[in-house]
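The values are calculated or read from the model by the stated rules, or taken from the named source; none is laboratory data. Every value quoted in this text rests on a predicted model; they were computed, and no experiment measured them. Counting neighbours? That spans all protein chains shown, and the Cβs are built from the backbone with ideal geometry, glycine included.
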Amino acid sequence: MYTIELNEKGSRRLEISDANLETIRKYALFQGLAGSTGVVDETVLNRLKMTVRSLLEHGGDDTKDLLALCLDVVYHERMKPCGLRNLMTLYDSWTATHPATTDGEQNAATEA
């Protein structure tokens, strides 16, 4: 589990699990989200919410992980742009230490 600050003061925190970060990677939710400026504001947070909502509507029955991410993180009552910026920073550092595996590598590891 990881903890991120949701506001500038640091008085609001949210715990983020490896499963949450895996879901972000699975759906590539942060890819191109902040745009060329890299600024994370209310517009970027709303864009993420709309993207997730669209994925849920068109994703079928295999979106339980995405729904859990929504309930726990994206639509958290205290999630603000500062929290999203901190989540994106956590995700960047997490991906550096948790490289993505291809399906072939996962199948080989499962069979071993």
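Before moving on, here are some points about what is shown:
- When residues of the range 4-42 are limited to those that are polar (S, T, N, Q) and surrounded by 11 or more Cβ atoms within 10 Å (Cβ to Cβ), the one farthest from residue 77 (Cα to Cα): 23
- Flag for residue 61 being modelled with pLDDT under 90, of a type in the set (Asp, Glu) and more than 10 Å from the chain's Cα centre (by Cα): yes
- Listed conditions (1) modelled with pLDDT of 95 or more; (2) out of contact with any strand residue (DSSP E or B) (no Cβ under 9 Å at 6 or more places or on another chain) are all met by residue 67, apart from (1).
- Among residues of the range 72-88, those that are free of Cβ contacts under 8 Å to residues at least 40 places away in the same chain and surrounded by fewer than 19 Cβ atoms within 10 Å (Cβ to Cβ), counted: 2
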